[in-house]
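Engineer: My structure is below; once you've seen it, I'll send some questions.
The values are calculated or read from the model by the stated rules, or taken from the named source; none is laboratory data. Just so you know, these numbers come straight off a predicted model, no measurement behind them. No Cβ is skipped: glycine too gets one built from the backbone with ideal geometry, and neighbour counts run over all protein chains shown. Only protein heavy atoms, including side chains, enter the accessible area calculation; ligands, DNA and RNA are left aside. Shrake-Rupley method; radii C 1.70, N 1.55, O 1.52, S 1.80 Å.
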Amino acid sequence: MSFEFDFTPEKLLACIPGHNIDAWYEPIVNALPDYEIVTVMRVAAWLAQMGHESGDLREVQENLNYSAKGLRGVFPRYFPTDEMALEYQRKPEKIASRVYGGRMGNGPEETQEGWKFHGRGLVQITGKENYSHCSQALYGDLRLLENPDLLAEQDGAIRSACWYWNSRQLNPLADAGDIVTITKRINGGTIGLEDRTNRYHRALQVLSA
């Protein structure tokens, strides 16, 4: 399967401007057709969401370097006191092990699986269970459980995002131009909707030209 339009490096750069975008072009055009993301509307929606989620393809790992104040604001359930937040602040491994421990297939905090399986890839696949499902889908085995950093590499970051896209059945929503529902299925809410929508309309114009 190939794209139904002329998808050039210049068009990718116009959709997601920034540093080192050229290096992403080939991995993206190699991956998207495998997931039937080949029309203007599907590619525009995918680029809009991934551009927003990854800060224009700059961030492929979750940033967990929180201050105590940040921990209290973002994770109040896990850091109910200032004293606890101060103990964990600026310690990403400890933070992830606590907030992701004992859920999403991870073992309890002391196993540090919350850190091992913290968010990676363009949509930040998170949790041992999701890594397992993604690994089986992408590779037919469980290699991501042994080497989760594969999702921080370009091919893994892109293909895990495509897998997530298809697992949430987002192509039909892209066909309908339903950016709100796509955003909810990726984000769990509508955080960043204005930016995602603006990116989408820009991408539609660029890719249609």
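Engineer: In the stretch 94-107, what residues are in contact (Cβ under 8 Å) with a residue 24 or more places away in the chain and either out of contact with any Gly (no Cβ under 8 Å at 6 or more places or on another chain) or part of a helix (DSSP H, G or I) (or both)? Give the derivation first.
Structural biologist: We begin by selecting, within the stretch 94-107, every residue in contact (Cβ under 8 Å) with a residue 24 or more places away in the chain; these are 95-96, 99-100, 103-105.
Within the stretch 94-107, Ile95, Ala96, Val99 meet the criteria.
Engineer: For the stretch 164-188, give me each residue that is modelled with pLDDT of 95 or more and either of a type in the set (A, V, I, L, M) or assigned to a loop (DSSP other than H, G, I, E, B) (or both). Walk me through it before giving the result.
Structural biologist: Here is the first cut: in the stretch 164-188, the residues modelled with pLDDT of 95 or more are 164-186.
Correct list: Arg168, Gln169, Leu170, Leu173, Ala174, Ala176, Gly177, Asp178, Ile179, Val180, Ile182, Ile186.
Engineer: Within the stretch 108-117, can you find the residues that are assigned to a loop (DSSP other than H, G, I, E, B) and either under 8 Å from Lys128 (Cβ atoms) or touching a residue at least 40 places away in the same chain (Cβ under 8 Å) (or both)?
Structural biologist: Phe117
Engineer: For residues that are open to solvent by less than 30 Å² (accessible area, probe 1.4 Å) and more than 20 Å from the chain's Cα centre (by Cα), scanning just the stretch 76-95, find the one that is nearest to Ile21 (Cα to Cα).
Structural biologist: Looking only at the stretch 76-95, we keep the residues that are open to solvent by less than 30 Å² (accessible area, probe 1.4 Å), and these are 79, 85, 88, 95.
Checking which are more than 20 Å from the chain's Cα centre (by Cα) leaves us with 79, 85, 88.
On the way: Phe79: 38, Ala85: 37, Tyr88: 35 Å.
Out of the qualifying residues, it is Tyr88.
Engineer: Scan the stretch 108-165 residue by residue and report those that are touching a Ser or Thr at 6+ places or on another chain (Cβ under 8 Å), open to solvent by less than 10 Å² (accessible area, probe 1.4 Å) and aromatic (Phe, Trp, Tyr).
Structural biologist: Once the filter is applied, which keeps residues that are touching a Ser or Thr at 6+ places or on another chain (Cβ under 8 Å), open to solvent by less than 10 Å² (accessible area, probe 1.4 Å) and aromatic (Phe, Trp, Tyr), the stretch 108-165 yields only Phe117.
Engineer: Is at least one residue of the stretch 86-98 of a type in the set (D, E, K, R) and within 19 Å of Ile186 (Cβ to Cβ)?
Structural biologist: As a first pass, look at the stretch 86-98 and keep what is of a type in the set (D, E, K, R): 87, 90-91, 93-94, 98.
If we keep only those that are within 19 Å of Ile186 (Cβ to Cβ) too, we end up with none.
No: zero hits.
Engineer: With the structure loaded, tell me whether Met41 is farther than 16 Å from Ser160 by Cα, in a helix (DSSP H, G or I) and either in contact (Cβ under 8 Å) with a residue 60 or more places away in the chain or open to solvent by 10 Å² or more (accessible area, probe 1.4 Å) (or both) or whether it fails that test.
Structural biologist: Working: farther than 16 Å from Ser160 by Cα: yes; in a helix (DSSP H, G or I): yes; either in contact (Cβ under 8 Å) with a residue 60 or more places away in the chain or open to solvent by 10 Å² or more (accessible area, probe 1.4 Å) (or both): yes.
So Met41 passes the test.
Engineer: Look through the stretch 178-196, keep the residues that are open to solvent by less than 30 Å² (accessible area, probe 1.4 Å) and not charged (D, E, K, R), and return whichever of them is nearest to the chain's Cα centre (by Cα).
Structural biologist: In this case the residue turns out to be Ile186.
Engineer: Which residue, of Arg72, Arg98, Arg58, is surrounded by fewer than 16 Cβ atoms within 10 Å (Cβ to Cβ), among the charged types (D, E, K, R) and farther than 18 Å from Trp163 by Cα?
Structural biologist: Of Arg72, Arg98, Arg58, the one residue that is surrounded by fewer than 16 Cβ atoms within 10 Å (Cβ to Cβ), among the charged types (D, E, K, R) and farther than 18 Å from Trp163 by Cα is Arg58.
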